[in-house]
Amino acid sequence: MPTYIVLLGPPGSGKGTQAKIVSEQLGLVHISSGDIFRYNISQQTELGMKAQGFMNRGELVPDDLTIAMIRDRLSQPDCNRGAILDGFPRTPAQAEALDATLAGLGGKVDSVPYIHVSPEILMERLGGRWSCRAQGHVYHEKYHPPKTAGICDIDGSELFQREDDQPATVEKRIKVYLEQTSPLIEYYRKRGLLYEIDGTREIEDVTAEMMKAVGKG
Ligand code: AP5
């Protein structure tokens, strides 16, 4: 049976940071909807051009585009053991579509680690975030600095700051999260899948909780 893990949490809670670590430890594919959109924008694909305006404004990309993109990604052969989903689902309609897609693949959502962090900390985290151009490795100028400023420790590529990490856009993203995504906390709690994690702890401590959440702690 494939294993599917849904990572839930507000923007900046550490989903991407943890998904990279845990996907390597578990040997599962890491699927980040934000990274796939950013790749499409960089390649100026039709999907990228449709998504760009929504992302720059801190709004969600419409469900139909997002669901089709993730359905396609999950059907690829490298996902046959399962995947860690980072940033998807983000609306009840996406969660229902995910359930249907996984049922079609002979699987289901197995666990939902929910990383929670207060809005004040999120603002500080996103304001100091630097991401690697080649593979999306994530750093923070204060909490997780690279050895050499501006260069990724892992693959040597350039580090950059995301356009949507400007303070006004971060505020909008947090508002959108509270209005549109936070209902998923109850959606998964009711199904007995939610595992709450204090995201204000050190990165390694959060990883240890993540492993417990997926039954490997
Ligand atoms: P997306 O790329 O998914 O962004 P997000 O959910 O807003 O999450 P972030 O990537 O900003 O944060 P994160 O939780 O991964 O935190 P990170 O690990 O980087 O989405 C971007 C946009 O794409 C959306 O706004 C939307 O437009 C669109 N989109 C994507 N998915 C969509 C969907 N399903 N439907 C519709 N639209 C969609 O950590 C943040 C910082 O904190 C880093 O600097 C890191 O080093 C640091 N940090 C991490 N953990 C710790 C710790 N424990 N202590 C101290 N610092 C830490």
Fill in the blank from the handout: If we keep only residues of region 101-126 that are open to solvent by less than 20 Å² (accessible area, probe 1.4 Å) and not in a loop (DSSP other than H, G, I, E, B), then the residue nearest to residue 39 (Cα to Cα) is 126
Practice task
Name the residue, out of 38, 71, that is closer than 22 Å to residue 177 by Cβ and open to solvent by 40 Å² or more (accessible area, probe 1.4 Å).
Solution key: 38
Handout entry: Residue under evaluation residue 11, criteria (1) free of Cβ contacts under 8 Å to residues at least 40 places away in the same chain; (2) over 25 Å from residue 104 (Cβ atoms), criterion not met
Key = (1)
Practice task
Go through region 21-72 and give me each residue that's acidic (Asp, Glu) and over 26 Å from residue 216 (Cβ atoms).
Solution key: 46, 59, 63, 64, 72
Exercise for the section: Consider residue 83 carefully, then state whether it is hydrophobic (A, V, I, L, M, F, W, C) and open to solvent by 40 Å² or more (accessible area, probe 1.4 Å). Expected result: no
Completion exercise
Result of the Cβ filter at 6 Å on region 111-126, keeping first residues that are over 14 Å from residue 87 (Cα atoms) and partners that are assigned to a strand (DSSP E or B) and of a type outside the set (Lys, Arg), at least 6 apart or interchain, is 111/5
Completion exercise
Among helices (runs of 4 or more DSSP H) completely within region 1-100, the ones holding 3 or more residues that are over 23 Å from residue 170 (Cβ atoms) are 15-26, 46-57, 63-74
Practice task
Restrict the check to region 150-160 and report whether at least one residue is in contact with a helix residue (DSSP H, G or I) (Cβ under 9 Å, 6 or more places away or on another chain) and surrounded by 14 or more Cβ atoms within 10 Å (Cβ to Cβ).
Solution key: no
Fill in the blank from the handout: Note: among 57, 71, just one is out of contact with any Pro (no Cβ under 6 Å at 6 or more places or on another chain) and free of Cβ contacts under 8 Å to residues at least 60 places away in the same chain, namely 71
Practice task
Return yes when residue 81 is away from the ligand (no atom under 12 Å from the Cβ) and in contact (Cβ under 8 Å) with a residue 40 or more places away in the chain and no when it is not.
Solution key: yes
Handout entry: Flag if residue 17 is open to solvent by 20 Å² or more (accessible area, probe 1.4 Å), away from the ligand (no atom under 11 Å from the Cβ) and of a type in the set (Ser, Thr, Tyr)
Key = no
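The values are calculated or read from the model by the stated rules, or taken from the named source; none is laboratory data. The model shown is predicted, which means the values in this text are computed figures rather than measured ones. We place every Cβ from the backbone using ideal geometry, glycine too, and count neighbours over all the protein chains shown. Quick note on the areas: whole protein, heavy atoms, side chains included, nothing else; ligands and nucleic acids left out. Shrake-Rupley method; radii C 1.70, N 1.55, O 1.52, S 1.80 Å.
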